[in-house]
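Each remark here refers to the structure printed beneath this line.
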Amino acid sequence: NLVVSGDTSSGSDIRFKDIIENKTIKIEDIANAPLFTFKWNDREDDTLHLGTSAQYWENVAPGLVSGSDFKTLNYASGAMGGIISIARQMLKDERTLSEHERRIKQLEKQVETLKEENRRLRNGQRQNKNTYDRRRYSSNH
């Protein structure tokens with residue numbers, strides 16, 4: 001175990017990176033990730049830990065996993081990737097929701113217009129029927 005009092009940081013200067021591909025981790029993959037408490041079975045330490053599985057993430061985001069005999073997971077990069085991916089999805093959902101709200105308001109206005117037009121047409125039919133009934137009554141008397 002590594003214990004640090006203070007902060008840790010990793011190199012992240014884009015000037016020293018050759019970007020291969022922009023990535024997003026699907027929110028479903030994040031939500032479906034196993035999360036469990038465990039004890040290491042190769043140690044005499046009975047400490048209870050919280051974690052996930054490198055084998056799962058190896059399929060989802062291979063760049064987070066290292067090793068072959070004993071796989072390790074870069075939790076910090078995984079957390080950052082997850083946060084960015086979720087934020088992207090939230091913004092996309094927010095834009096979609098705003099568009100749906102705009103469209104609902106537009107449709108509600110159309111419904112009100114059609115209701116008003118329907119009322120006018122019904123009133124016009126009633127007036128025409130009343131005029132017809134009066135004429136019929138007048139001609140019979």
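Tabulated values for the structure
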quantity	calculated
Cα-based convex hull, the stretch 1-82, per residue volume (Å³, whole number)	138 Å³
Counting all C-alpha pairs of the chain, share separated by more than 24 Å (%)	63 percent
Choice from LEU107, LEU121, LEU91 with maximal GNM fluctuation in the chain (Cα, 10 Å cutoff)	LEU121
Reach of LYS71 by Cα under 26 Å, taken over lysines that are not fewer than 8 positions away in the same chain	LYS17, LYS23, LYS26, LYS39
Qualifying chymotrypsin sites (Phe, Trp or Tyr not before Pro) in the stretch 1-72, DSSP loop, other Cβ atoms within 10 Å at most 14	TRP40, PHE70
Gaussian network model of the chain, Cα within-10 Å springs - most flexible of ILE14, ILE104, ILE25	ILE14
Hull-based mean projected area of the stretch 61-111, where the convex hull spans the alpha carbons, in square nanometres	4.5 nm²
Top of ILE86, ILE20, ILE30 by mean-square fluctuation, Gaussian network on the chain, Cα under 10 Å	ILE20
On Cα atoms only, tilt of 75-140 relative to the major axis of the chain in degrees	10 degrees
Accessible surface of the chain, 1.4 Å probe, proportion on carbon and sulfur as whole %	51 percent
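The values are calculated or read from the model by the stated rules, or taken from the named source; none is laboratory data. Given the structure is predicted, the values throughout are model-derived calculations rather than measurements. When we count neighbours, we look across all protein chains shown, and the Cβ atoms used for this are built from the backbone with ideal geometry, even at glycine. Protein only, heavy atoms only, side chains kept; ligands, DNA and RNA dropped before computing areas. Shrake-Rupley method; radii C 1.70, N 1.55, O 1.52, S 1.80 Å.
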